[in-house]
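Take a look at the structure set out below.
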Amino acid sequence: MRPAAAGTLKAMFFIFASLCAWYSGYLLAELIPDVSLSRAAYSIRSIGERPVLKAPAPKRQKCDHWTPCPPNTYAYRLLSGGGRDKYAKICFEDEVLIGEKTGNVARGINIAIVNYVTGKVLATQYFDMYEGDNSGPMTNFIQSAPSNSLLFMVTHDDGSSRLKEDAKKAIEALGSKEIRNIRFRSSWVFLGAKGFELPAGIQREKINHSDNAKNRYLGWPAEIQVEGCIPKGPS
């Protein structure tokens, strides 16, 4: 066969094969629904992709604890002031007893009294320990708390300058180990008990002194906090 004739034959065969392939594809597209094709294409793209697992948002706990308190316990969180504009806060059973939003926090020692048996808030008050003679009224306020009371105390700014001996003794009687160590602008938080003993493992008190070399804020130490769960008193 001549070379020219052989080339013509190959070209015709290639055109015929191309037409057959096109027609076969056309028939396949007509017979298979578009949805199946789309799913097939998506499956091909999905090969090798790792599934994205989204963890559920953590449930908020009382007083912003990381974990919930056990049944038959009270949740509490005490936060001292920190700097001029970071106010002290007392939270009990997810209720803010003293804080900026409740408008009852001020310079000095802030105190909340709670009935240990019922969990009812009995009284809240703040006592300026930098100006005025407020140590005596604070002593009377502490001593007026009935038996079986929880007393929560937090400082904002200065809680020591006009703090007198009678007040220190009254706070010591509630279980404080640090009240005699408090100094100018010390950050201090304390959980006291009147008429009963709290379990030994409960976090009750913390203090942080002002130190110009270590202060977080200009003239103020860092704020401090304690939190935990208090077993409920017998009803």
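Values as computed for the structure displayed
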| quantity | calculated |
| --- | --- |
| One residue from Arg204, Arg185 being assigned by the TED database to the domain that holds Ala75 and at negative phi | Arg204 |
| Matching strands (runs of 3 or more DSSP E) fully within the stretch 163-235 where at least 2 residues are in contact with a strand residue (DSSP E or B) (Cβ under 6 Å, 6 or more places away or on another chain), among the polar types (S, T, N, Q) and open to solvent by 20 Å² or more (accessible area, probe 1.4 Å) | none |
| Gly48 being modelled with pLDDT of 75 or more, of a type in the set (Gly, Ala, Ser) and on the phi > 0 side of the Ramachandran plot | no |
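The values are calculated or read from the model by the stated rules, or taken from the named source; none is laboratory data. Source: prediction; values computed, not measured. Every residue, glycine as well, gets a Cβ built from its backbone with ideal geometry; the counts of neighbours run over all protein chains shown. Ligands, DNA and RNA are excluded from the accessible area calculation, which covers all protein heavy atoms including side chains. Shrake-Rupley method; radii C 1.70, N 1.55, O 1.52, S 1.80 Å.
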